[in-house]
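Peer 1: This structure is in structure tokens; I'll ask about it shortly.
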Amino acid sequence: MTSAMDSPVFRIDYARAAESYARHRGVHPGVVRDLIERGQVGPETRVLDVGCGTGNYASALAAATGCRVSGVDPSAAMLDRAADATAWESLQQASAESLPFPDAAFDLVMSTDVIHHVGDRDAYFAEAARVLRPGGQVVTVTDSHDDIMRRRPLSSHFPETVPIELARYPAVPQLLAEMARAGFSDCRTVEVSFTYDLADSQPYRDRAYSSLLLIDDDAFQQGLARMESDLARGPLPCISLYTLLWGTIPRI
């Protein structure tokens, strides 16, 4: 049986999306704060950013802590954008399921808004466990199903994104079970939120969020019209939410 994820509607050309991502996609301050604090990131910490995209999170971590960052992404276009984002120890084109690093090479393996793109999550979590030192941590930054329902303006102004996102994002309990199956202990979740005022629709007009690439053009244009009508009356109150799933490799 073919799953919803096999449908062409979920296929995104990230070579074309790289430019708008680089221009518009920033970091979530709550995510960066939790990565630093819970990940105990400092100058000697070796961090692997899986699905690093344009390198915005790796850059923010390195700038704040001086940590040593490596990145992998399957998209050459994303890696081109990431190349100058920070002083990478290593930046390679590779999949999450086959990480090109030796055993016990990292203190922290992170992925941010990536896990719903990974075809074989069991293989990825096994690889993350392999490249982490004993006591090292993995963190999966994702959208829970509750996050998807509550985020604004994506869900409020483009409601057609909601069923698509619920279909393509794995549920948090499922991810926690997969992490535990790969050998991670102390698996836990942290929820972060960030409120802000949106004054410019350009990131949405440029479809800098992948969910906007997955709805039909009529739905997109209607949502954009709603947004710009609201913006004509003043800045739009927004909320960005993420859920971080943490796990630890047991010490020997």
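The values are calculated or read from the model by the stated rules, or taken from the named source; none is laboratory data. Here the structure is a predicted model, which means the values were calculated and not measured. When we count neighbours, we look across all protein chains shown, and the Cβ atoms used for this are built from the backbone with ideal geometry, even at glycine.
Peer 1: Just give me the residues in the range 125-145 being acidic (D, E) and in contact with a strand residue (DSSP E or B) (Cβ under 7 Å, 6 or more places away or on another chain), in sequence order.
Peer 2: Pass one, the range 125-145, residues acidic (D, E): 127, 143.
The one that is acidic (D, E) and in contact with a strand residue (DSSP E or B) (Cβ under 7 Å, 6 or more places away or on another chain): D143.
Peer 1: A further question on this structure: Please work out which residue is surrounded by the fewest Cβ atoms within 10 Å (Cβ to Cβ), limiting yourself to the range 213-228 and to residues that are of a type outside the set (A, V, I, L, M, F, W, C) and touching a His at 6+ places or on another chain (Cβ under 6 Å).
Peer 2: Filtering the range 213-228 for residues of a type outside the set (A, V, I, L, M, F, W, C) gives 216-218, 221-223, 226, 228.
After this cut, where a residue has to be touching a His at 6+ places or on another chain (Cβ under 6 Å) as well, the list is 223, 226.
On the way: G223: 21, R226: 15.
It comes out as R226.
Peer 1: Check off (1) modelled with pLDDT under 95; (2) within 14 Å of the chain's Cα centre (by Cα) for V32 and give me the number that stays unchecked.
Peer 2: In the conditions (1) modelled with pLDDT under 95; (2) within 14 Å of the chain's Cα centre (by Cα), V32 misses (1) alone.
Peer 1: Among the numbered criteria (1) farther than 30 Å from H145 by Cβ; (2) surrounded by fewer than 17 Cβ atoms within 10 Å (Cβ to Cβ), which single criterion is violated by F101?
Peer 2: (2) is the only condition that F101 fails.
Peer 1: Next up: Residues being surrounded by 15 or more Cβ atoms within 10 Å (Cβ to Cβ), touching a residue at least 24 places away in the same chain (Cβ under 8 Å) and either among the aliphatic types (A, V, I, L, M) or not in a helix (DSSP H, G or I) (or both): count how many of those fall in the range 134-158.
Peer 2: So the answer is 14.
Matching residues to (1) surrounded by fewer than 22 Cβ atoms within 10 Å (Cβ to Cβ); (2) touching a His at 6+ places or on another chain (Cβ under 9 Å):
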residue: V41; (1), (2): no, no
residue: E44; (1), (2): yes, no
residue: V47; (1), (2): no, no
residue: S59; (1), (2): yes, no
residue: G66; (1), (2): yes, no
residue: A77; (1), (2): yes, no
residue: A82; (1), (2): no, no
residue: A96; (1), (2): no, yes
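Peer 1: When you look at G247, is it within 30 Å of R133 (Cβ to Cβ), part of a loop (DSSP other than H, G, I, E, B) and among the small types (G, A, S), yes or no? It would help to see each step written out before you state the result.
Peer 2: Details: within 30 Å of R133 (Cβ to Cβ): yes; part of a loop (DSSP other than H, G, I, E, B): no; among the small types (G, A, S): yes.
Answer is no for this residue.
Peer 1: Which pairs have Cβ atoms under 7 Å, sit 6 or more apart or on different chains, and link a residue in the range 65-83 that is outside any strand (DSSP E or B) to one that is aromatic (F, W, Y) and modelled with pLDDT of 95 or more?
Peer 2: Pairs that qualify, where the first residue is outside any strand (DSSP E or B) and the partner is aromatic (F, W, Y) and modelled with pLDDT of 95 or more: there are none.
Peer 1: Could you list, in sequence order, the residues of the range 195-220 that are in a helix (DSSP H, G or I) and either among the hydroxyl-bearing types (S, T, Y) or more than 22 Å from the chain's Cα centre (by Cα) (or both)? Show your work before the answer.
Peer 2: Here is the first cut: in the range 195-220, the ones in a helix (DSSP H, G or I) are 202-205, 210-213, 217-220.
The answer is Y204, S210, S211, D217, D218, A219, F220.
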